[in-house]
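Right, one structure below, let's go through it.
The values are calculated or read from the model by the stated rules, or taken from the named source; none is laboratory data. Just so we're clear, the structure is a prediction, and the values are computed from it rather than from any experiment. Cβ atoms come from the backbone with ideal geometry, glycine included; neighbour counts cover every protein chain shown. Heavy atoms of the whole protein, side chains included, go into the accessibility calculation; ligands, DNA and RNA do not. Shrake-Rupley method; radii C 1.70, N 1.55, O 1.52, S 1.80 Å.
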Amino acid sequence: MKILRHAMLRAAARLVPSQERAEWLEEWSAELWYAQQSGVVDADRFCLGAFQDALWLRRHASQRAPRTASWLASPSRCLLFLAGLDAAALLAILPVPRPSAPIPLRAIFLLMGMACLILLATTRLSLGDYPASRSAPSLATRMRRWIFLAAKMALILAGMYAGLLLAASLGEKTRTAAVLVDALLCGSVLAFRWALHDQRRRCPVCLRLLTNPLTVGQRASWFLEWNCIELVCLRGHGMLYIPENPTSWFGAQRWQYLDSSWSGL
Amino acid sequence: MIRMAGETKLSHTAAMILQALGAGHVYGLSVMEMTGLPSGTVYPAMRRLERDGLIRSQWESQSIADAGKRPARKYYRLTRAGKATLEASQKRYPLLAKLAPVAETGQ
């Protein structure tokens, strides 16, 4: 049993951010030793709690340190990256013999529909609150944000189509083709999720990724108090507030436009 | 949730953990034993409290642990802000103090 408990702790440790993992495992292993010695608490249940602790650390780390210094911060680079992936997929399927019959449209729509259904069931589709204000940009600028989202989706769909072409070339009834279609479905859902998440973390004016995350308020005392992660557009267009604990009065992320008086900063 | 006399607010779980730490139960396991809370609740709550500056953690000396032929433990103590928060919560909720009397010497 002792081996199993240590295996549980090691499995939970995989969830902990790497820089904290060694110390975390040392603490839990030490406490497990005492739990087994004293016999006051159920050692198995004690080990199960390690997963909750590890998940909390993982979630906390991902919220505090989003990958803001990414190469994908620029919207054009982001689209270029997706286009590059599509081009790579097309190059990969070039040597593959073409399918004897064209892919029926219903197969494409079926895959898209299933991906959308899974997305609806597993992902928050809201992109947040962007309240109108005097500092809000023109309609044309605001439309750019939607065009950018549509372009990302279109490039993801193009990747899906390339994958379907590959699956079709393998033949309808082969096991590899079936596995490929399943993988394509999962990949599409993940790609759409990423597209939405990426869209939420971008400035609605310049479309660059927001940076400088800062925790406002205390997570341990969130009741009726402002408690969120604050991100800022480095070009001074505004600030984004993401609730750490979504509540009825602060459920979705909220954008605040900054007026021209901030431009000097 | 508890709203105290000051501006600081705590969850019941956090208040119980602060009370346990104030009473001298400085290890996660002993906090579990005292409060009856499971490990999956106690440890994440302590991480939050530490992040918010109400408690701080420290590893005991390896030489002491080696002398006792046991693994070194990480212990937690109240910070000044944590003590003030605990006192405020005890004034508002006297029953909290009955959970465990806080050590006279403090932490």
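Numbers at a glance
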| item | result |
| --- | --- |
| Taking chain A and dividing mean pair separation by its residue count, relative contact order in percent (alpha carbons under 8 Å, at least six apart) | 18 percent |
| Heavy-atom SASA rank of A:R235, A:R142 (probe 1.4 Å, accessible area, largest first) | A:R235, A:R142 |
| Peptide A:49-56, shielding by other chains (average Cβ, 10 Å cutoff) | 5 |
| Listed residues A:W33, A:S18, A:L149: farthest to the positive end of the dipole of segment A:1-151 (Cβ charges) | A:L149 |
| Average silhouette area of segment A:1-54, convex hull of alpha-carbon atoms, in square nanometres | 3.2 nm² |
| Alpha-carbon Debye profile of segment A:76-217, log10 I(q)/I(0) at 0.12, 0.20 Å⁻¹ | -0.60, -1.25 |
| Neighbouring partner chain Cβ atoms per residue of B:29-42, average, 10 Å criterion | 5 |
| Computed magnitude of the charge dipole of segment B:16-87 (debye, nearest 20; Cβ of K, R +1, Cβ of D, E -1) | 160 debye |
| Carbon + sulfur, % of accessible area of the protein assembly as shown - ligands and nucleic acids excluded, 1.4 Å | 61 percent |
| Mean Kyte hydropathy of 1.6 or more with a Cα span along the axis of at least 18 Å, helices from DSSP in chain A | A:75-93, A:105-122 |
| Antiparallel %, DSSP beta bridges [both residues in chain A], to 5 | 95 percent |
| Complex-versus-alone comparison for segment A:23-38, residues with a loss of 30 Å² or more in accessible area, probe 1.4 Å | A:E23, A:E26, A:E27, A:W28, A:A30, A:E31, A:W33, A:Y34 |
| Spatially proximal aspartates and glutamates relative to A:K2 (Cα-Cα < 12 Å; intrachain offsets below 8 disregarded) | A:D44 |
| Total accessible surface hidden between B and A, rounded to 100 Å², 1.4 Å probe | 2700 Å² |
| Accessible area of segment A:86-193 divided out per residue, in Å², using a probe of 1.4 angstrom | 65 Å² |
| The protein assembly as shown, dipole about Cα centre (Lys/Arg Cβ +1, Asp/Glu Cβ -1), debye to the nearest 20 | 660 debye |
| Percent of C-alpha pairs per 5 Å bin, chain A, short to long | 1, 5, 9, 11, 12, 12, 12, 11, 10, 8, 5, 3, 1, 0, 0 |
| List A:W28, A:W56, ordered by accessible area with a 1.4 Å probe, largest first | A:W56, A:W28 |
